[in-house]
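> There's a structure below that I have some questions on.
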């Protein structure tokens, strides 16, 4: 019951990105108009009544508030199951009542999209799948780009569709990292324009972005009111992707939540378990730790979805019990999170992490 806690180093991440970009560029861009194959805008998803639901902002989709985080699937990132068992894992999530599945083109060579596509192809119209497009410049240490290659958007969307074995994507996001972090707000809006074109063709239904930090840029994007949803790092720990964020940045994140809620955007919380830092790791005395971290975020009714990485069936089962039980955030939860978080934040690994 933990999110992916095996962070890639920036260099390793960029090397992986190079392989994804090369494959995306090589993918055949089939000029088939698949708009007629896309579902109607009023697509209705049948629920299993095992998890409480919230209406997902302006998408108007009624969805269980526990979503499956596809970053938990890659073998490279710590999942020890066989490919066949990972397909079964995703299908178990569906059979247990989960209907929102998040993945990314960045996870391509780590199997996430292909596994989700295989597991859900028979129930495609009864799930909400979110994936992403990425942008970075491999020639620069920080990956920052100077020019958006708009044709890359179409190639990545085509690759996403192929791997998901689908004619459409429910929501396509500009990936936070690599993407929003490496771009200016103006460049992000150039990508957004291309995603809207795909939406107009019926290839995607909704457009959004994710942000692990850099919430100043995230707030500017929200302020445009041109996005349907956003995914934000939101948990007890101020944890982003491979870094922590300051109290000032956390306050900026809160401003993002307030503005997104005001505009009716769908809001997804990620890093709920601090990328695994609050996972409990099977210790009996920490058995309630993940539940406490989940209940901390569930207090905020502005959040429509908690996307949590789950590597084994037992983690799915345990999380569903947490969501379907009493979700009151208690004094015991506060004390447990405060004590463990103090130790986590004082650990050598965390103290070495950069802070923004």
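> What per residue convex hull volume, in Å³, comes out for the stretch 10-351 when only alpha-carbon positions are used?
Here the figure is 128 Å³ per residue.
> What percent does the relative contact order of the stretch 83-214 come to when contacts are Cα pairs within less than 8 Å and at least six residues apart?
So the answer I get is 24 percent.
> Calculate for the chain the 222 nm mean residue ellipticity that helices alone would give, adding -39,500 (n - 2.57) per DSSP H run of length 4 or more and normalising by residue count, nearest 500 deg cm²/dmol.
-12000 deg cm²/dmol
> Under 19 Å from the 7 Å Cα→Cβ point of residue 85, by amide nitrogen: which residues of the stretch 286-317?
Only 309-317 fall inside the zone, counting backbone N under 19 Å.
> Moving on to the next point. Taking only C-alpha pairs under 8 Å that are 6+ residues apart, what is the relative contact order of the stretch 10-351 in percent?
Relative contact order comes out at 18 percent.
> What is the Cα coordinate range of the stretch 192-258 on the first, second and third principal axes, sorted by size from largest, in whole angstrom?
Extents along the principal axes: 41, 22, 15 Å.
> Which residue, 319, 160, 225, has the most motion in a Gaussian network model of the chain that connects Cα atoms within less than 10 Å?
225
> Please arrange 224, 131, 53, 177 by how many other C-beta atoms lie within 10 Å of their C-beta, fewest to most.
By the 10 Å Cβ count, ascending: 224, 53, 177, 131.
> Across 10 Å bins from the origin, how do the percents of Cα pairs in the stretch 58-107 run, short distances first?
Once binned at 10 Å, the Cα pair distances of the stretch 58-107 give 23, 49, 23, 5.
> Which length gain, in nm to one decimal place, applies between residue 150 and residue 352 when the Cα-Cα distance is subtracted from 0.36 nm times their residue separation?
69.0 nm
> Another question about this same structure. State the percent of C-alpha pairs, over all pairs in the stretch 275-356, separated by a distance greater than 16 angstrom.
Details: 1886 of 3321 pairs.
Considering the stretch 275-356, 57 percent of its Cα-Cα pairs are separated by more than 16 Å.
> Find, to one decimal place in angstroms, the Kirkwood hydrodynamic radius of the stretch 217-356, where the mean of 1/r is taken over every pair of different Cα atoms and then inverted.
15.9 Å
Read-outs: derived from the displayed coordinates by stated rules, not from any lab. Computed from a predicted model, the values in this text were never measured in an experiment. Cβ coordinates were reconstructed from backbone atoms using ideal geometry, including for glycine residues, and neighbour counts include every protein chain displayed.
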